[in-house]
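First the structure, in the form of structure tokens, and then the observations on it.
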Amino acid sequence: MSFKSLGLSEALLKAISKKGYTTPSPIQQKAIPPVLEGVDVLASAQTGTGKTAGFTLPLLHILSENPKEKFRPIRALILTPTRELAAQVYANVKEYSEFLNIRSAVIFGGVNQKPQAATIKQGVDVLVATPGRLLDLESQGLLSLKRIEIFVLDEADRMLDMGFLRDIERVIKMMPSKRQNLMFSATFSKDIKKLAHGILNHPVQVEVTPENSTVDAITQKVYRVAKGLKTGLIIKLISDGNWKQVLVFTRTKHGANKLCEKMIKADITAAAIHGNKSQGARTKALAGFKSGRIRVLVATDIAARGLDIPLLPHVINFELPNISEDYVHRIGRTGRAGASGEAISLVSADETTYLRDIQKLIEMKIPVEIVEGFEPDPNASTAPEKKQQRGGGNRSRNNSNSGTSNKNRNSNSRRPKRSNDRRN
Ligand code: AMP
């Protein structure tokens, strides 16, 4: 199948070919036709599958087919849970619309609203936004959603995790009821189905086949190690392997900073990326990492969500996440778009329960290794460390990227365990 056979316009085909894509990914093959037909779509797809192009390309096709007005109302809204994802989706929209007469903008919290408001005032067709800033600007009368034709809810599961349900409901009320809705989610929990039921109108449901499962394409390994020896081991692995681009996950922001400092002391260029970092610092760290100037990016779960780092060869879990599904999200950062990757987890005794839960979720036993000199402590307790907030507090109000209500956070943070997690 080719992009041309999907019925996309010449201007879009030109942009696609400029990006270097030759074949539509499975989610693109399945999602683009119904979106072009104008029906609502509920798609199960994770970052890394090409889902962004899956909704952006047909959305741009539809918008550019209809005549434009002199004053350009916002006709399409793409709502994303995090700043990083918003920035990434916006970058995609810009690239794909290069040869179209379409204007786009991105808005999110943590930065001055003035330039964002000024851009919107000039008229934009496509707006990419995080919920908090969107509601802020709307309440100030700086934007209107009354002319929305297409609404995209991206990473809906993460939206609920982050407590955005009320905000989404408020956004829905601001849009005309006659519109096309597209909803993307990596998981289909009861809460997601309920949300979909409230937003979508007789949706076409698309799913990519299990063969593309991120988990299958990645080599996974566990190093059993004493807690106090983890830093030494991670430095050894990166140095001995001469790894040039490594994404490391820690459970807390403090842990990310601490590890980063130790890496730098060991002469490994590193930067931390988490919710307490300013937008500028995050962008700089990511740019440095992508360009190869920074070898190690230490991230918390929430900050890593939505990072677009193609062909990332190594992901290391310095600590296992206490929510099993975050493990799948984390290792999904490697082996992207068909490339192979390695996901390594440093596991101390107190993480034994987490490891067991993760293996249950991914339905496989991860091979275990022990490095001489970095053995696990045989006397350490296997009881988990004192109960932590999901994401080590990263989903607190200040870090939710749009400064919004967190009333629903607790009720929505419990995703059911699925034995057949199909994150493609
Ligand atoms: P996404 O899931 O939208 O975050 O996309 C994951 C990565 O795949 C991004 O780096 C995209 O640029 C890339 N990508 C998207 N569609 C294709 C395609 N059809 N062929 C090759 N790469 C693609």
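The values are calculated or read from the model by the stated rules, or taken from the named source; none is laboratory data. None of these values were measured; they are calculated from a predicted model. Because the Cβ atoms are built from the backbone with ideal geometry, glycine has one as well, and the counts that use them run over all protein chains shown.
For the reader, a short list of remarks on this structure follows.
- Yes/no for LEU312 being outside any strand (DSSP E or B) and at pLDDT 85 or above: no
- Neighbours by Cβ (under 7 Å, 6+ apart or cross-chain): first from the range 206-233, modelled with pLDDT under 80; second surrounded by fewer than 19 Cβ atoms within 10 Å (Cβ to Cβ): ALA217/SER340
- Matching residues, the range 21-31, being more than 9 Å from the ligand (Cβ to nearest atom) and buried (at least 24 other Cβ atoms within 10 Å of the Cβ): ALA31
- Complete set of residues in the range 291-305 that are at pLDDT 85 or above, surrounded by 15 or more Cβ atoms within 10 Å (Cβ to Cβ) and of a type in the set (D, E, K, R): ARG295
- Filter pass, ASN112 being without any contact (Cβ under 8 Å) to a residue 12 or more places away in the chain and polar (S, T, N, Q): yes
- Filter result for LYS18 (away from the ligand (no atom under 12 Å from the Cβ) and either over 25 Å from ARG179 (Cβ atoms) or not in a helix (DSSP H, G or I) (or both)): no
- Annotation: of all residues in the range 242-265 being surrounded by 16 or more Cβ atoms within 10 Å (Cβ to Cβ) and more than 22 Å from GLU351 (Cβ to Cβ), the one that is nearest to the chain's Cα centre (by Cα) is GLN245.
- ILE331 being at pLDDT 90 or above, surrounded by 15 or more Cβ atoms within 10 Å (Cβ to Cβ), β-branched (Val, Ile, Thr) and within 18 Å of the chain's Cα centre (by Cα): no
- Some residue of the range 74-87 being within 25 Å of the chain's Cα centre (by Cα), touching a residue at least 24 places away in the same chain (Cβ under 8 Å) and at positive phi: no
- Checked against (1) at positive phi; (2) more than 16 Å from the ligand (Cβ to nearest atom), GLU155 passes all but condition (2).
- Yes/no for LEU42 being surrounded by fewer than 20 Cβ atoms within 10 Å (Cβ to Cβ) and in contact with a Pro (Cβ under 6 Å, 6 or more places away or on another chain): no
- Subset tally (residues that are within 29 Å of ALA86 (Cβ to Cβ), at pLDDT 95 or above and basic (Lys, Arg)) for the range 259-279: 0
- Any chance ALA383 is surrounded by fewer than 19 Cβ atoms within 10 Å (Cβ to Cβ), away from the ligand (no atom under 16 Å from the Cβ) and at pLDDT below 85: yes
- Among the residues making up the range 1-14, a single one is in contact (Cβ under 8 Å) with a residue 60 or more places away in the chain and either among the basic types (Lys, Arg) or within 12 Å of the ligand (Cβ to nearest atom) (or both): LYS14.
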